[in-house]
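Presented below is the structure to which this report refers.
The values are calculated or read from the model by the stated rules, or taken from the named source; none is laboratory data. Values in this document were obtained by computation on a predicted structure and should not be read as measured data. All Cβ positions, even for glycine, are placed from backbone atoms using ideal geometry, and neighbour counts span all protein chains on display.
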Amino acid sequence: MAGRGKAIGSGPLKKATSRSTKAGLQFPVGRIARFLKAGKYADRVGAGAPVYLAAVLEYLAAEVLELAGNAARDNKKTRIVPRHIQLAVRNDEELSKLLGSVTIANGGVMPNIHSLLLPKKAGASKSGPSGDED
């Protein structure tokens, strides 16, 4: 029966490489695959689906973290808190559309003052052509 299976002691065993490492991702491909199978979204799950989903989730997380880090830096803070995530998401047009119905706990509200409540500019009312000056 030569050529069938591995012979005992046929050399050093290769170290197992995770699917996340093969795809160059930080998010766990195996765990996402397990969740997809357990969630009964479909009868079968393809081999590439959890890799693709992990890549998309990792990209979204990196995007939100980058913008939240910028918001924290703008507020002269070194730690990202939910308020910074809220400011980052709501100030970005695409993320705001994607997460429009999402409530971020302890995120606060967006600062907004209605234009009618702002003080009037002194020079703005006199400038411009108007028929009153005759």
May I ask you to list the residues in the range 63-122 that are modelled with pLDDT of 95 or more, part of a helix (DSSP H, G or I) and hydroxyl-bearing (Ser, Thr, Tyr)?
Ser96
For Val45, indicate whether it is touching a Leu at 6+ places or on another chain (Cβ under 9 Å), assigned to a loop (DSSP other than H, G, I, E, B), surrounded by 12 or more Cβ atoms within 10 Å (Cβ to Cβ) and at pLDDT 95 or above.
yes
Between a first residue in the range 47-74 that is in contact (Cβ under 8 Å) with a residue 24 or more places away in the chain and a second residue that is crowded, with 16+ Cβ neighbours inside 10 Å and among the aromatic types (Phe, Trp, Tyr), which pairs have beta carbons less than 7 Å apart while being 6 or more apart in sequence or on different chains?
Ala54/Phe27; Leu57/Phe27; Glu58/Phe27
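Only one residue in Lys76, Lys15 is basic (Lys, Arg), under 30 Å from Met110 (Cβ atoms) and out of contact with any helix residue (DSSP H, G or I) (no Cβ under 9 Å at 6 or more places or on another chain). Which one? It would help to see each step written out before you state the result.
Numbers: Lys15 fails: under 30 Å from Met110 (Cβ atoms).
The match here is Lys76.
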